[in-house]
Structure formats: structure tokens, C-alpha cells
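Step one of this worksheet: look at the structure below.
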Amino acid sequence: MKVHLPNSAFLGNIDSFIRAFDPNDETQLDITSNPNWVSIHPMCSCIVGSLGLTVEDKSRIRVAPLIAKSRHYFKRIGLFKLIGIPSGFTVTEHDASGRFIPLSLIKKSDELPEFITEMVPLLHIEPEYAEPIRYVMSELIRNVLEHANSPFGALVCAQYYKDSHTIRLGVVDRGLGIKRTITVSHPASDDIAAIRLALTPGITGTTTRKMGGTELNAGAGLFFIKSIAKVNKDFFVIYSGNAMYKLLRDEKAKLNPDPFDDKHSKIANLPYWQGTAVGIDMSLKRHKKFEDLLDLIRDVYHKDVKDKRRFKKPKFI
Amino acid sequence: MKEINLFEKVGAFAENKDTARDIRLQEIIPNLDKGEDVILDFEKVESTTQSFIHALISDIIRKKGIDVLDKIKFKNCNDTIKKIINIVTDYMQDN
């Protein structure tokens, strides 16, 4: 396998980073990088880390000398430690508080509550911002742990960007991928069709039902996450198999059950990603109140219901 | 009347679906089966996920019917939690 760390790879311009990835021969990995400066989204860091974890013989991971001035970043987020190879350079370690969550592996469900509890103070964000961030993290990581059968669980990374006042998150696995999990219950001709289904509310690989799901899954998790990005006018990317769906920034806050009705781009002939990689930006400047977002989501579920009054209401005391 | 304190079991962010399932199977359903009403007390719970609420109550609604909501009361819910409960109970009736 080969991966190149470019000068810049964020969700808006991630396509070229992914196109340059060579998935062939999982027994070895070559990592090259821009010699001047490397600045990449946490989703990209998770992708590189995942590839390193995939190679069993660590002597077969070759990193071309990282000479970019920003190389310390990869040491501080724990890339070399994660994949078990020396960095070849030293940096002065700083307290990570207020800046990022290093590359972290979540292997089991019972590790998740502690991770989420520790994650929010690390990012030093106000409680009103913390709510959607921990929501997104919980749902994405639980998706991996429950459905992906990933050999190392979920690999997670996040960073706060002061200039844009944005939190960027990545959650990546090397599991079954969306097509294999969704087609257990719903037909999908290719990876992009499977991603479309996975983002549609009410569709889950665990049942053929269109609404209501099973006792543990409703097929709503990814739709909620896409909705959080949509109403806040943020990027959201999901890459699985040969396909990538990217939610683009849109001035219209209307939520659509069909992700293809949102302003988006999609590519269906990318290098094959075994598993699923998700990235999301969460602008704290454009942040919409989480409660207001929930009203919009509820409206989507009500869209086709002519008489909402027929619904029985829960009793709040 | 059985009152279940969720904060003691799930903390301030109620997201653990495994715990939700255990509460449903070990506490909510047995009490409903005995004819008792159940109060789910969310005091000190700051937020939750749709997945948690789904794992907590959806299968009860599916198996016992939507009128089971007359037997379950949601106590001390903030607006976020109320809205997520409403979403789950709505889509469970939209079959």
C-alpha cells in the first residue's frame, strides 16, 4: 500500500488525497509526504494510522524522511506510536489540552463512555458545543463496534482549529464496509448506493423494515450526523469501498431524507477502502442549537404523515 | 410504581445502548409485566442519543403496542431529551 501526506488535505479537498492512495498489497506500506508543510484533516490521519495497523510486519512500513516543518504534528497525535515504528526525529511534547484528541483506538463498547467523558475536556469547549460533538462521536464509534467487525475497532482523532473556530473529527475502521453490512437486508448495486441507503433514515442493515428498526437499531444514526453537519453548513464525508459521498456546505438548512437531495458530491471509482472512513467538520461559529436541530429532524420523520395528532405522546412529568 | 434513576446507571450522557437494553430487559419489562407503571427519571442526565432511547423503549412499544406509553412516564427530562424521546416514539408509530 502507498499513501502520500500532501500539503493540504481537508474535507473540501480530500479527493486528491484519497485518489493518491494505493490499497494494493496489505503486507507493506510506503508513506511519503510533502517536504515543506503537511496539514491534514483528522480523518486523513486516521486513514494513515489504519493502514499502519493493517500491516503486521512493522519492518515493512517505510516512511520517507518527514522533513516538513509541521512533522511534529504526527508525533504529537501519536501516529508513530500507534503503528509501532520510530519517527526518526524528536519533538518537545506539549500538553494536548485545548488542541486535539490524539489517535485513539476504541475496541470495545465499554471503553466508549470513558473516552467520551475524557474527550470533551480535552477539546476545551463550551457545554453547548460539546453536546453535538459527543453525540456524533458516540453514534459513529458505536456504529463501528456494532456493525463493522473491524480488526482493531474504531480509530478516532479530533482537532480544534482556532482560526476557523472549528472542531474536525475522524472515525475510521477497516471492517466489512457499508455495502456488506447494509446489503444483509437491503439491495445495493454498488458502494455509493449502499452509502445512500446508510444515510437514509429508517434503513439499517439489521432489518428489512423501513421504519422502527430492531430492538437496538433504527437506522437513524448516520442521518442524524449528516443532519448536524447540514444545518451547521459543515462538510461531512463518508468513504467506503470504492465510493465517497461528500455533503457540501449549503445555505439551505432544509433536511432531506434522501442524501442525494442534499447539496453533495459523490465519486464511485476511488481506490478501494476496506471498511469505512468518516470525517466531519463542526463549525462553532455557525453552530445551531442542538434542540433546534432536533425539531428539524422530527419534521423529516413527520413529512409523509398527514395527521400528526394521531401520534400518541409520551408523558413527561 | 417502579422508579428507575438513569443517572446512576448511565451518567450525564446517556449513550450506552447495552446499558439501555439491560434496563429495558431487567427493570422496565418485568415491572410492566407485573402491571406496574414505570417512571424513567432523567434527573442529572444532560443529554442522550437517539440510539440510547431507541434501545431503551422501542422494543417495548413494538411488542406491547403504543398504548404502553400510558404506563411509562419520563421524569425530569430537559428539552433535548424530551425531543429525542418524541422522535423515537413518533417513528415507532410510523410503521
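For segment B:68-95, a residue qualifies if it is open to solvent by 10 Å² or more (accessible area, probe 1.4 Å) and either facing chain A (nearest Cβ under 7 Å) or at pLDDT below 95 (or both), and the qualifying residues are B:Lys73, B:Lys75, B:Cys77, B:Asp79, B:Lys82, B:Lys83, B:Asn86, B:Met92, B:Gln93, B:Asp94, B:Asn95. Total residues in segment A:73-107 satisfying the condition of being modelled with pLDDT under 95 and within 14 Å of another protein chain (Cβ to nearest Cβ): the figure is 0. Apart from one condition, A:Val144 fits all of (1) of a type in the set (A, V, I, L, M); (2) in contact with a helix residue (DSSP H, G or I) (Cβ under 9 Å, 6 or more places away or on another chain); (3) under 27 Å from A:Ile83 (Cβ atoms); the exception is (2). Pairs meeting the criteria (first residue in segment B:74-95 and on the phi > 0 side of the Ramachandran plot, second residue open to solvent by 50 Å² or more (accessible area, probe 1.4 Å), beta carbons under 6 Å, at least 6 apart or on different chains) are B:Asn76/B:Glu43. May I ask you to verify whether A:Ile238 is open to solvent by less than 10 Å² (accessible area, probe 1.4 Å), away from chain B (no Cβ under 14 Å) and on the phi < 0 side of the Ramachandran plot? For A:Ile238, the condition - open to solvent by less than 10 Å² (accessible area, probe 1.4 Å), away from chain B (no Cβ under 14 Å) and on the phi < 0 side of the Ramachandran plot - is met. Sub-6 Å Cβ pairs linking a first residue in segment A:105-119 that is under 17 Å from A:Pro132 (Cα atoms) to a second residue that is in a helix (DSSP H, G or I) and open to solvent by 30 Å² or more (accessible area, probe 1.4 Å), at least 6 apart or interchain, are A:Ile116/A:Arg134, ordered by first then second residue.
Within segment A:164-206, being part of a strand (DSSP E or B) and open to solvent by 20 Å² or more (accessible area, probe 1.4 Å) holds for one residue alone: A:Arg168. Taken over segment A:139-168, the residue count meeting the criterion of being more than 14 Å from chain B (Cβ to nearest Cβ) and touching a Phe, Trp or Tyr at 6+ places or on another chain (Cβ under 8 Å) is 8.
In segment B:14-27 there is at least one residue matching the filter, namely being out of contact with any strand residue (DSSP E or B) (no Cβ under 6 Å at 6 or more places or on another chain) and in a loop (DSSP other than H, G, I, E, B). If the condition is being open to solvent by 10 Å² or more (accessible area, probe 1.4 Å) and within 11 Å of chain B (Cβ to nearest Cβ), then segment A:117-138 contributes A:Thr117, A:Val120, A:Pro127, A:Glu128, A:Glu131, A:Arg134. The combined condition, being under 18 Å from A:Pro42 (Cβ atoms) and under 15 Å from the mean Cα position of the chain (by Cα), is fulfilled by A:Val171. The criterion of at least 3 residues that are open to solvent by less than 40 Å² (accessible area, probe 1.4 Å), touching a residue at least 40 places away in the same chain (Cβ under 8 Å) and within 23 Å of A:Leu51 (Cβ to Cβ) is met by the following strands (runs of 3 or more DSSP E) wholly inside segment A:242-312: A:243-247, A:273-283.
With the structure loaded, tell me whether B:Ile57 is in contact with a strand residue (DSSP E or B) (Cβ under 9 Å, 6 or more places away or on another chain), open to solvent by less than 10 Å² (accessible area, probe 1.4 Å) and assigned to a helix (DSSP H, G or I) or whether it fails that test.
Values: in contact with a strand residue (DSSP E or B) (Cβ under 9 Å, 6 or more places away or on another chain): yes; open to solvent by less than 10 Å² (accessible area, probe 1.4 Å): yes; assigned to a helix (DSSP H, G or I): yes.
Yes, satisfied.
Search segment B:1-18 for residues being more than 9 Å from every other protein chain (Cβ to nearest Cβ) and surrounded by 14 or more Cβ atoms within 10 Å (Cβ to Cβ), and hand back the single one that is farthest from A:Leu112 (Cα to Cα).
Looking only at segment B:1-18, we keep the residues that are more than 9 Å from every other protein chain (Cβ to nearest Cβ), and these are B:1-9, B:14.
Filter once more, so that each one left must be surrounded by 14 or more Cβ atoms within 10 Å (Cβ to Cβ): B:2, B:4-7, B:9, B:14.
Values: B:Lys2: 29, B:Ile4: 23, B:Asn5: 21, B:Leu6: 18, B:Phe7: 17, B:Lys9: 15, B:Ala14: 12 Å.
Per the criteria, the residue is B:Lys2.
Among the listed residues A:Leu103, A:Leu112, A:Leu53, A:Leu82, identify the single one that is open to solvent by less than 30 Å² (accessible area, probe 1.4 Å), in a helix (DSSP H, G or I) and within 30 Å of B:Asp18 (Cβ to Cβ). On inspection, the qualifying residue turns out to be A:Leu112.
Of all the residues that make up segment B:45-54, how many are part of a loop (DSSP other than H, G, I, E, B) and within 9 Å of chain A (Cβ to nearest Cβ)?
Within segment B:45-54, the subset part of a loop (DSSP other than H, G, I, E, B) is B:45-46, B:49.
Next, from what is left, pick out any that are within 9 Å of chain A (Cβ to nearest Cβ): B:46, B:49.
So the answer is 2.
Scan segment A:28-38 and give yes if some residue there is in contact with a Phe, Trp or Tyr (Cβ under 9 Å, 6 or more places away or on another chain) and surrounded by fewer than 21 Cβ atoms within 10 Å (Cβ to Cβ), otherwise no. Looking through segment A:28-38, none of the residues is in contact with a Phe, Trp or Tyr (Cβ under 9 Å, 6 or more places away or on another chain) and surrounded by fewer than 21 Cβ atoms within 10 Å (Cβ to Cβ).
The values are calculated or read from the model by the stated rules, or taken from the named source; none is laboratory data. Just so it is clear, the structure is predicted and the values come from calculations on it, not from any experiment. Please note: Cβ atoms are built from the backbone with ideal geometry, for glycine as well, and neighbour counts cover all protein chains shown. Keep in mind that these areas ignore ligands, DNA and RNA; they rest on the heavy atoms of the full protein, side chains included. Shrake-Rupley method; radii C 1.70, N 1.55, O 1.52, S 1.80 Å.
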